[in-house]
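Here is the structure we will look at, set down as structure tokens.
The values are calculated or read from the model by the stated rules, or taken from the named source; none is laboratory data. Predicted, not measured: the structure shown is a model, and the values here were computed from it. Methodologically, a virtual Cβ is constructed for each residue, glycine included, from the backbone with ideal geometry; neighbour enumeration extends over all protein chains shown.
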Amino acid sequence: MASSVAFPHDFAFDPAYGYDAPEALLGIPAPPAPDGFDAFWQDRCARARAVDTRPVLGPVEEERDGVRIHGVTYTSVGGVRLGGWLALPEGPVRYGFVVGHGYGGRQEPGRDLPAPLPGAAVILPCVRGMGERGRVDGIPDLAAEHVLQGIGSRDTYVIGDCAADLWCAASALTALVPELAEAGLPGGPRLGYLGESFGGGLGALALPWDDRFGAAQLTVPTFGNHPLRLTLPCAGSGEAVRAHHREHPEVTDVLGYFDAATAATRLTLPTLVAAALFDPSVPPPGQFAVHNAVAGERELQVLTAGHFAYRGMVAEAAELDANRTRFFGERLRAV
């Protein structure tokens, strides 16, 4: 593994956080689960899976990379109506994917297409509050405000509802694509999940409880090891949480239920984690904590940097794309 690279930067802190090699990062643990952690998430997942998502497929908005891209809307928990995109292959559907987005939302399908595998149907949801198609009254769309929405209680924290939006997106996908309706049943196909940054952290929180998924890729995942994150300055949403914690230290009790590394200790499906050595927005120690905690089969690709432009990033992205295709091809069951 490569050593950390000290990039010239204007941040008032070290985006490598003093870790000069992956070996040190590989020793960062997950915090212990708070009381009732499993029951809390199992109940949330069961309630989300019971939602009648009533998906509506819109007209084709774009055709490229061998897929037809439609607008899509569906219902999530609390009766919230959300939007996004559904990409359908020109030929038969053989795989299904749910793709989470980063903080700030998704304004278009963008570089998350094409899918890792040919013949994949891909839903790209906008979780509540994020992006034009995820707008919900009363939920701010700025990351620094969104990450604090309802943070006073584990039952009202928006991050839990965002995880539910992913479960409901999976339900919408399987409702719209009958070939995938057996996902999660013995012998049936399993869905793949892709998530980067915010979407990576949400994936770690959501996936342990949903048997419809068979493999996942989490890239520079956030929300890992909150007790450690609270000590690390950053340029991302974590800084808003740190500021809030200074005024409301009791929030640590709530954050314990939304720790991606803690959740990863329950994550048994094969997981590819891409974690960065240098990242001003999502501190690398938290990213590696998620990888280190994965309970099942795991693979690691070390990135030189995340949320930061650097020489060589195009080549590293291409390498990650190739690894992703191999990884899902070896582990997902085709229809």
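Here are a few things to note about the model shown:
- Count of the range 298-331 residues which are without any contact (Cβ under 8 Å) to a residue 40 or more places away in the chain, assigned to a loop (DSSP other than H, G, I, E, B) and either touching a helix residue (DSSP H, G or I) at 6+ places or on another chain (Cβ under 8 Å) or aliphatic (A, V, I, L, M) (or both): 1
- The range 1-54: number of residues that are of a type in the set (Asp, Glu), under 30 Å from Gly306 (Cα atoms) and either in contact (Cβ under 8 Å) with a residue 40 or more places away in the chain or assigned to a helix (DSSP H, G or I) (or both): 1
- Residue in the range 189-210 that is in a loop (DSSP other than H, G, I, E, B), in contact with a Lys or Arg (Cβ under 6 Å, 6 or more places away or on another chain), of a type in the set (Lys, Arg) and in contact (Cβ under 8 Å) with a residue 12 or more places away in the chain present: yes
- Count - residues of the range 173-213 that are at pLDDT below 95, farther than 20 Å from Arg326 by Cβ and crowded, with 23+ Cβ neighbours inside 10 Å: 1
- All positions within the range 142-181 that are touching a helix residue (DSSP H, G or I) at 6+ places or on another chain (Cβ under 6 Å), without any contact (Cβ under 8 Å) to a residue 12 or more places away in the chain and closer than 22 Å to Val72 by Cβ: Ala181
- Residue match in the range 214-234 (condition: at pLDDT 95 or above, surrounded by fewer than 24 Cβ atoms within 10 Å (Cβ to Cβ), assigned to a helix (DSSP H, G or I) and touching a Leu at 6+ places or on another chain (Cβ under 6 Å)): no
- Residue tally, condition at pLDDT 95 or above, surrounded by 13 or more Cβ atoms within 10 Å (Cβ to Cβ) and over 10 Å from Pro285 (Cα atoms), over the range 16-37: 5
- Filter result (under 19 Å from Leu148 (Cα atoms) and of a type in the set (Lys, Arg)) within the range 224-282: Arg229, Arg242, Arg246
- Checking each residue in the range 112-127 for being farther than 15 Å from Val72 by Cβ, touching a helix residue (DSSP H, G or I) at 6+ places or on another chain (Cβ under 6 Å) and modelled with pLDDT of 95 or more picks out only Leu117.
- Residues satisfying the criterion are absent from the range 240-260 (criterion: under 30 Å from Pro186 (Cβ atoms) and more than 15 Å from the chain's Cα centre (by Cα)).
- Restricting Ala39, Ala46 to residues that are within 21 Å of Val294 (Cα to Cα) and of a type in the set (Gly, Ala, Ser) narrows the list to Ala39.
- Only listed residue being within 25 Å of Gln217 (Cα to Cα) and either within 20 Å of the chain's Cα centre (by Cα) or part of a loop (DSSP other than H, G, I, E, B) (or both), chosen from Arg68, Arg154, Arg133: Arg133
- Whichever residue in the range 71-118 is of a type in the set (Phe, Trp, Tyr) and not in a loop (DSSP other than H, G, I, E, B) and, among such residues, is nearest to the chain's Cα centre (by Cα): Phe97
- Residue check, Leu142 of a type outside the set (Asp, Glu) and either more than 18 Å from Phe223 (Cβ to Cβ) or buried (at least 18 other Cβ atoms within 10 Å of the Cβ) (or both): no
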